[in-house]
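Trainee: Just passing along the structure, written as structure tokens.
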Amino acid sequence: MKIYNFIMLILFMFFIGNLIFVSKHKHLLINLLSLEFMVLSIFLFMLMILSYMNINMYMLMVFLVFAVCEGALGLSILVSMIRTHGNDYFQSFNLL
């Protein structure tokens, strides 16, 4: 019963992060934070499953490396967008 509650909490975290990402927000930073929240919930799910099955945690290290690279790429896009446009609003620049 306890593991079922933990799985439901992780799924709730993932769906809340997905809901924030899909909703129309003006700022890029909010979308990046929701993506990192979804990555955190996937990490917790993988940690729980791998520890429950007694499998090595090397896959978690690979996942964390990709998550850190994704976060650094998102922040670099945010910084370059702020330098070129002055803010992180989606409406302030043209996507074409």
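Trainee: Step through the residues of the range 61-78 one at a time and calculate ³J(HN,Hα) from phi using the Karplus curve (6.51 cos²θ - 1.76 cosθ + 1.60, θ = phi - 60°), rounding each to whole Hz and writing x for Gly and Pro.
Mentor: So the Karplus estimates, Gly and Pro as x, are 5, 5, 4, 5, 4, 5, 5, 5, 5, 5, x, 5, 5, x, 5, 5, 5, 5 Hz.
Trainee: Hey, for a label at residue 5 modelled as a point 7 Å past Cα toward Cβ, could you say which residues of the range 22-63 have their backbone N under 14 Å away?
Mentor: It comes to no residues whatsoever.
Trainee: Using the Karplus curve 6.51 cos²θ - 1.76 cosθ + 1.60 with θ = phi - 60°, work out ³J(HN,Hα) for each residue of the range 9-16 in order, rounded to whole Hz, and write x for Gly and Pro.
Mentor: Taking θ as phi minus 60°, the curve returns 5, 5, 5, 5, 4, 5, 6, 5 Hz for the range 9-16.
Trainee: Which whole-number percentage describes the relative contact order of the chain, with Cα contacts under 8 Å and a sequence gap of 6 or more?
Mentor: Computed over the chain, the figure is 29 percent.
We did not get these values from a lab; they are worked out from the coordinates using the rules stated. Predicted model only: the values in this text are computed from it and were never measured. FYI the Cβ positions are ideal-geometry reconstructions off the backbone, even for glycines, and counts take in every protein chain you see.
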